[in-house]
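Here you go, one structure.
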Amino acid sequence: MSRTFDADMSEIDDVSSDPPANIRQFVMVFYSRTPEGTGEGDEDAVFAGHMRFLNHLAATGLCPISGPFGDDEPMRGISIYDSTSVDEVETLVATDPAVVAKWLAVEVRPWWAVGGAALPS
């Protein structure tokens with residue numbers, strides 16, 4: 001099944017203008033393998049701690065979407081934080097057991113979603 005849509009672009013006249021009212025900011029974290037490919041400590045134990053960390057954040061509502069990619073590429077997964085502060089999220093993910101043990105590296109980026117963007121509760 002293919003879907004088509006007709007986007008009305010008439011309101012877009014200057015990409016440098018203020019963002020539209022229906023845009024919402026989040027913070028996205030990209031998890032990648034470290035260049036070495038391995039970290040410190042027992043991998044199973046470290047990743048069990050990583051899952052507890054993410055499950056706790058999901059339970060609090062701060063990070064309701066998180067998961068791995070379905071392939072074996074160096075970029076392993078993403079998390080979307082219901083936050084507008086890159087600095088706060090960077091500080092938080094620096095405590096992730098898989099990051100602390102150097103099994104995963106992170107890139108933290110601001111992300112804006114257009115429309116009725118809502119994260120699951």
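All of the numbers you see were taken from the coordinates with simple rules; none came from a lab. What you are looking at is a predicted structure, and each value in this text was computed from that prediction instead of being measured. Quick reminder, even Gly has a Cβ in these numbers, built from the backbone with ideal geometry, and neighbours come from all protein chains shown.
Which is farthest toward the positive dipole end of segment 23-113 among V99, Q25, P68, measuring Cα position about the Cα centre, with Cβ charges +1 (Lys, Arg) and -1 (Asp, Glu)?
Final value for the positive-end residue is Q25.
A further question on this structure: So, counting K/R as plus one and D/E as minus one, what does the shell of residues with Cβ under 12 Å around F69 add up to? Can you show the working numbers first?
Details: positive: R33, R76; negative: D71, D72, E73.
For residues surrounding F69, the net value is -1.
Given H placed 1.01 Å from N in the peptide plane, which residues other than close sequence neighbours of I65 have an amide H under 5 Å from its amide H?
Amide H to amide H, under 5 Å and 5 or more residues apart or across chains, I65 pairs with I80.
With a Förster radius of 25 Å, plug the Cβ-Cβ distance of A48 and T95 into 1/(1 + (r/R0)^6) and report the FRET value to the nearest 0.05. Don't skip to the end; give the middle numbers.
Working: r = 15 Å, r/R0 = 0.62.
My answer for the efficiency is 0.95.
Which GluC sites (Glu not before Pro) in segment 24-53 pass both tests, a DSSP loop state and at most 16 other beta-carbon atoms within 10 Å?
E36, E40
For S83 and F69, calculate 0.36 nm times their separation in residues minus their Cα-Cα distance, and state this gained length in nm to one decimal. Mind dumping the intermediate values first?
Values: separation 14, 0.36 × 14 = 5.04 nm, distance 2.22 nm.
Extra length from S83 to F69 when fully extended: 2.8 nm.
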